[in-house]
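Following: one structure in structure tokens, then a few remarks.
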Amino acid sequence: MDVSEIGEFGLIKRLTSILGQEAPQDMVVGIGDDAAAWRAGDQYVLATTDTLVEGVHFLPAVTPWADVGWKALAVNVSDIGAMGGEPMFALITLALPPETAVGDIEDLYRGLRECAVRYAVTVAGGDVVSAPQVSITVALIGHAQVSAGQPRLLLRSGARVGDAIAVSGTLGDSAGGLSSMRPGNQVHVALVAAHLRPQPPLLLGQEAAREGIRCAIDVSDGLLQDIGHVCEMSGVGALVKADAVPVSEALHGAYPDDALRLACTGGEDYELVLVGKRKLIERAAASSGIDVTFIGEIVEDAERRVRLLDGEGREIDFGTAGWDHMRAAKRGA
């Protein structure tokens, strides 16, 4: 058996079972959420990490290095925001072939710095190693909001039957941008920009936590797959209305026959899914100034399924719910 047969998430489950240690008392959130969380004195620390690899996550021939730097940090900011927290300090590890042009990596850091300024993150250090291809790994440390000594956290395990499901922004633009960048395809500038420079709605997650919402996830692997993570962790099911999924005019115009599939399964939008009482979600959206769209609800389902329904209540099946690194690599995607 190789890892492509069990996929990214099956592998994570196996590795988690090997670790198997009992969590210390100060550990609040461990493996399985957007970020880890633990108590440090009267504060709660959040930590997450992500990697971009040349040839897998970006192609230097078509991706400006500054955009690689921006995205490397932004995807981690998205994780902290999906927990309702505030990002603070980043550690950067660069793996570089010796022949890498210095100017390219300087441009990468210029883009990274732009993102750091935008989200008030301080780069506090890191490491540089030799490797056969470029990769950049960011470890981002933040903190949770605290109320009456307890952390205000948005968790994948916080969904309850009857909760509304809402999402910020529009979906599928990043996947459309990636398709647009492939050789021979027409370039759609707005979609390419969405793919190269995601803008995580950090304030929305923070306001959601303040309002008492307890469940969220960012859209990194695909809307349906990410809602599926919530269902798995919360022991519930979800109904998503296809005609409510927010899709931009740019995506509709570029891919009219494929826009819904891209929005539901494409991933890398780094928008925020909120799950909770409708009134609380509306208040969080209003206080943050970030629009959300209500797209469905949490239901009872012993199989923990996510069902996408058309206007007549018929289920739509795209064959895949989203991105899986291990299976995609096997396919050569």
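The values are calculated or read from the model by the stated rules, or taken from the named source; none is laboratory data. Since the structure is predicted, the reported quantities are computational estimates derived from the model, not experimental observations. Virtual Cβ from ideal backbone geometry, glycine too; neighbours counted across all protein chains shown. Note: areas computed on protein heavy atoms with side chains; ligands, DNA, RNA excluded. Shrake-Rupley method; radii C 1.70, N 1.55, O 1.52, S 1.80 Å.
General remarks:
- Under the condition of being at negative phi and out of contact with any Lys or Arg (no Cβ under 9 Å at 6 or more places or on another chain), the residues counted in the stretch 115-150 number 25.
- Figure legend. Inter-residue proximity from the stretch 90-119: first residues touching a residue at least 60 places away in the same chain (Cβ under 8 Å), second residues buried (at least 16 other Cβ atoms within 10 Å of the Cβ) and not in a helix (DSSP H, G or I), beta-carbon distance below 6 Å, spacing 6+ or different chains. Indicated pairs: Tyr119/Pro87.
- Residue satisfying condition, being hydrophobic (A, V, I, L, M, F, W, C) and more than 14 Å from the chain's Cα centre (by Cα), within set Leu202, Leu224, Leu251: Leu251
- If the condition is being modelled with pLDDT of 80 or more, open to solvent by 60 Å² or more (accessible area, probe 1.4 Å) and hydrophobic (A, V, I, L, M, F, W, C), then the stretch 19-33 contributes Met27, Val28, Ile31.
- The stretch 288-301 residues that are open to solvent by less than 20 Å² (accessible area, probe 1.4 Å), paired with ones that are assigned to a loop (DSSP other than H, G, I, E, B) (beta carbon under 6 Å, 6 or more apart): Ile295/Val245; Ile298/Ala159; Ile298/Val161; Ile298/Asp163; Ile298/Val236
- The one condition in (1) out of contact with any helix residue (DSSP H, G or I) (no Cβ under 6 Å at 6 or more places or on another chain); (2) surrounded by fewer than 24 Cβ atoms within 10 Å (Cβ to Cβ); (3) farther than 30 Å from Arg305 by Cβ that Thr170 fails to fulfil: (3)
- Boolean, Lys71 is closer than 21 Å to Ser180 by Cβ, surrounded by 12 or more Cβ atoms within 10 Å (Cβ to Cβ), out of contact with any Gly (no Cβ under 6 Å at 6 or more places or on another chain) and basic (Lys, Arg): yes
- Verdict on Leu239 being open to solvent by 20 Å² or more (accessible area, probe 1.4 Å) and either under 25 Å from Ser287 (Cβ atoms) or among the hydrophobic types (A, V, I, L, M, F, W, C) (or both): yes
- Among the residues making up the stretch 199-231, those that are open to solvent by 10 Å² or more (accessible area, probe 1.4 Å) and within 15 Å of Arg160 (Cβ to Cβ) are Gly212, Arg214.
- Residue check, Ala131 closer than 22 Å to Pro64 by Cα, in contact (Cβ under 8 Å) with a residue 24 or more places away in the chain and surrounded by fewer than 18 Cβ atoms within 10 Å (Cβ to Cβ): yes
- Against the test of being in contact with a strand residue (DSSP E or B) (Cβ under 9 Å, 6 or more places away or on another chain), among the charged types (D, E, K, R) and in a helix (DSSP H, G or I), the options Glu303, Glu282 yield a single qualifying residue, Glu282.
- Within the stretch 82-103, being touching a helix residue (DSSP H, G or I) at 6+ places or on another chain (Cβ under 9 Å), surrounded by fewer than 24 Cβ atoms within 10 Å (Cβ to Cβ) and assigned to a helix (DSSP H, G or I) holds for one residue alone: Gly103.
- Of all residues in the stretch 54-67, those satisfying the criterion of being over 19 Å from Pro201 (Cα atoms) and either open to solvent by 20 Å² or more (accessible area, probe 1.4 Å) or part of a helix (DSSP H, G or I) (or both) are Glu54, Gly55, Val56, His57, Leu59, Pro60, Ala61, Val62, Pro64, Trp65, Ala66.
- Residue in the stretch 188-198 that is of a type in the set (Gly, Ala, Ser), open to solvent by 40 Å² or more (accessible area, probe 1.4 Å) and closer than 27 Å to Gly69 by Cα present: yes
- Close pairs from the stretch 174-188: first among the charged types (D, E, K, R), partner at pLDDT below 90 and open to solvent by 20 Å² or more (accessible area, probe 1.4 Å), Cβ under 8 Å, at least 6 apart: none
- Hey, Asp79 of a type in the set (D, E, K, R), out of contact with any Ser or Thr (no Cβ under 7 Å at 6 or more places or on another chain) and outside any strand (DSSP E or B) or not: no
- Boolean, Ser174 is farther than 22 Å from Gly81 by Cα, among the polar types (S, T, N, Q) and at pLDDT 95 or above: no
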